[in-house]
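The values are calculated or read from the model by the stated rules, or taken from the named source; none is laboratory data. Since the structure is predicted, the reported quantities are computational estimates derived from the model, not experimental observations. Quick reminder, even Gly has a Cβ in these numbers, built from the backbone with ideal geometry, and neighbours come from all protein chains shown.
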Amino acid sequence: MGSSLGALNALNFFMADVRDGLGPFLGVFLQGQGWQPAEIGLVMTLGGYAGMLATTPLGMLVDGTRSKRGLMVAAALAVAIASMGILAAPNFAVTALSQVMTGVAGAVVMPAIAGITLGLVRQAGFAHQLGRNEAFNHAGNVFAALLGGGFGYLFGLQAIFFLLAAMALASIAAALAIDPRHIDHVAARGGGDGADGAAPPPASLAVLYRSRPLLVLAVVLMLFHLGNAAMLPLLGQALVARGAGDPSAFTAATIIVAQLTMIPMALLAARLAETRGYWVLFVAALAALPIRGVLAAFVTNPWGLVPIQVLDGVGAGLLGVAVPGLVARILAGSGHVNAGLGAVMTLQAVGAASSTALAGMLAQSFGYAEAFLALGGIAAAGLLLWLLATSVVGPACRGTAPA
């Protein structure tokens with residue numbers, strides 16, 4: 001079992017760079033090719049919507065299949081091929097197709113890793129291992145950003161495409177190193193350690209709307225990601241627009257600051273989830289983003305962006321543990337944990353996919369500062385909803401009531 005958990009840690013480390021494709025580097029690369037902010041936002045939105053449409057079916061697939069490692073291999077290959085396509089032909093058609101492929105491949109990663117983790121450690125060890133998963137994930141992002149920033153500075157942004165391909169190959173090796181005999185596929189779908197192993201009935205979006213806590217969680221995350229997803233790419237684009245500094249090095253620096261913050265936040269979140277429940281984690285994570293939006297609107301000095309990205313690390317570090325942990329707690333015993341996680345991620349993806357297009361239009365029409373303020377205001381609405389729905393989500397967060 002120890003070897004499989006070690007391989008799981010390695011999978012989280014290397015897959016961190018692969019899951020989101022080129023991430024914020026894509027916007028900077030396309031801007032260097034003469035693309036306008038609205039065009040960049042649109043093409044990134046296409047990938048987000050493709051992932052959104054695929055997330056729930058892929059979550060259902062994770063619940064039903066015993067080839068969870070194979071799904072990770074396929075996802076890594078798809079992202080690497082799609083990203084190299086952009087490098088070969090950075091036109092709208094190829095880039096749009098690439099983003100669709102990346103969106104679909106990225107959509108399977110979170111439920112597949114959650115399912116593998118739950119199958120390895122069961123419900124009792126899930127929160128603890130989620131903290132380790134996220135810590136290795138963020139460490140992998142720091143590693144990739146350091147290499148990406150360095151290679152981008154020395155050899156140009158094209159070098160980042162080859163780094164992504166190398167990380168994809170390492171992800172595949174890590175996935176295959178997990179011993180399939182160690183994965184309890186009944187526990188992996190939330191069926192419980194003592195389930196009889198029968199396949200659950202088909203799941204659909206009904207798994208979302210039948211659970212009030214899960215529905216509130218999904219809508220809150222949709223608002224959070226509507227405000228959050230475009231903020232980091234927009235920071236990179238704002239730098240390029242001002243002509244301040246090397247864009248690849250700056251984009252890497254913003255990622256590194258956030259990811260270094262996320263590592264201790266993920267470990268802290270796992271500890272708090274075990275001792276205090278999930279409600280307080282969501283309050284802290286949701287409160288960080290509106291503050292971040294205000295700071296981003298008014299800070300123009302590159303050094304002033306450090307606290308902006310620290311706040312990104314706080315929010316994302318806490319949510320990376322809290323979201324799959326709370327979904328698994330809400331749906332424990334249902335046999336539909338990964339389908340439920342996929343359903344939550346579908347609404348989350350609606351927000352994330354819409355964020356880039358919205359931010360691109362706002363930045364082009366009104367300016368970058370106004371776009372940051374608008375994104376922060378949307379995130380504040382998510383925090384308000386979470387607070388107002390405490391009576392609904394509180395018992396589930398404490399683990400004292402069924403969904």
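So which of A93, A38, A50, A88 ends up being crowded, with 20+ Cβ neighbours inside 10 Å and out of contact with any Leu (no Cβ under 6 Å at 6 or more places or on another chain)?
A50 is the lone residue from the list that is crowded, with 20+ Cβ neighbours inside 10 Å and out of contact with any Leu (no Cβ under 6 Å at 6 or more places or on another chain).
Going through L215, L147 one at a time, which residue ends up being assigned to a helix (DSSP H, G or I), at pLDDT 90 or above, surrounded by fewer than 21 Cβ atoms within 10 Å (Cβ to Cβ) and touching a Leu at 6+ places or on another chain (Cβ under 8 Å)?
L215
Can you tell me which residue is surrounded by the most Cβ atoms within 10 Å (Cβ to Cβ) among those in segment 56-82 that are among the basic types (K, R) and in a helix (DSSP H, G or I)?
K68
crowded, with 24+ Cβ neighbours inside 10 Å and assigned to a helix (DSSP H, G or I): which single residue out of Q348, Q364 fits that description?
The unique qualifying residue is Q348.
Of a type outside the set (D, E), in contact with a Gly (Cβ under 9 Å, 6 or more places away or on another chain) and crowded, with 24+ Cβ neighbours inside 10 Å: is that true of A127 in this structure?
In short, yes.
Check V283, V220 and return the single one that is within 23 Å of G320 (Cα to Cα), modelled with pLDDT of 75 or more and surrounded by fewer than 20 Cβ atoms within 10 Å (Cβ to Cβ).
Just a single option satisfies the conditions, and that option is V283.
Which condition number does L118 fail, the rest of (1) farther than 24 Å from G333 by Cα; (2) crowded, with 24+ Cβ neighbours inside 10 Å; (3) not small (G, A, S) being met?
Failed condition: (1).
Regarding S354, is this residue buried (at least 17 other Cβ atoms within 10 Å of the Cβ) and either among the polar types (S, T, N, Q) or part of a loop (DSSP other than H, G, I, E, B) (or both)? Talk me through it step by step, then tell me what you get.
On the way: buried (at least 17 other Cβ atoms within 10 Å of the Cβ): yes; either among the polar types (S, T, N, Q) or part of a loop (DSSP other than H, G, I, E, B) (or both): yes.
Spelling it out, S354 is indeed buried (at least 17 other Cβ atoms within 10 Å of the Cβ) and either among the polar types (S, T, N, Q) or part of a loop (DSSP other than H, G, I, E, B) (or both).
What is the residue count in segment 150-197 for residues that are assigned to a loop (DSSP other than H, G, I, E, B), aliphatic (A, V, I, L, M) and at pLDDT below 90?
2
When the residues of segment 343-364 are narrowed to those that are of a type in the set (S, T, Y) and modelled with pLDDT under 85, which ends up nearest to R189 (Cα to Cα)?
The extreme case among them is S354.
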